[in-house]
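The values are calculated or read from the model by the stated rules, or taken from the named source; none is laboratory data. All values reported here derive from a predicted model rather than from experimental measurement. Here the Cβ is made from the backbone with ideal geometry for all residues, glycine too, and neighbour counts use every protein chain on show. Heavy atoms of the whole protein, side chains included, go into the accessibility calculation; ligands, DNA and RNA do not. Shrake-Rupley method; radii C 1.70, N 1.55, O 1.52, S 1.80 Å.
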Amino acid sequence: MSTEQANTMFQGPVIVMGVSGSGKSSVGILLAEKLGLPYVEGDELHPKSNVEKMSKGTPLTDEDRWPWLDIIGERLAEGATSGIVITCSALKVIYRDRLRKAAGGKLAFVFLDGSKELLTDRMGHRTGHFMPLSLLETQLA
């Protein structure tokens, strides 16, 4: 895709979404570079309590996610006109609706998918990330 095509396709904020290990960060960085937009790693916006919970292998509840989604929503609102690329799992419709509302209605989602085998392999080989392989099943569900 040319930069011109990408700029036409993605005007405004973009969420690169998918389960852990799907490549959100890699694709998000490349997409932001291609579009000439700022990039925000959504995992870095998690409250400390969420990171601790996931690090211990405990899945997050909706109540855990609301503050995180609100922070992402604030960033989306800041980039609503100029554009921004943010990574966020956004696995439930209610999460995407909340993000869309925060962005003022105009929000593109890029969904990354992969086989369970591919995701397991990627998560099993990465280091320094708080999301353990044991939580992949809850994300796929």
Residue under evaluation S89, criteria (1) touching a Cys at 6+ places or on another chain (Cβ under 7 Å); (2) modelled with pLDDT under 95, criterion not met: (1)
Residue check for L76: part of a loop (DSSP other than H, G, I, E, B) and surrounded by 14 or more Cβ atoms within 10 Å (Cβ to Cβ): no
Any hit, the stretch 118-128, residues being open to solvent by less than 40 Å² (accessible area, probe 1.4 Å), touching a strand residue (DSSP E or B) at 6+ places or on another chain (Cβ under 8 Å) and either modelled with pLDDT under 65 or assigned to a helix (DSSP H, G or I) (or both): no
Of all residues making up the stretch 26-64, the number that are more than 15 Å from L91 (Cα to Cα), crowded, with 17+ Cβ neighbours inside 10 Å and not hydrophobic (A, V, I, L, M, F, W, C): 5
Selection count where residues are β-branched (V, I, T), more than 13 Å from M17 (Cα to Cα) and in a helix (DSSP H, G or I), scope the stretch 79-111: 1
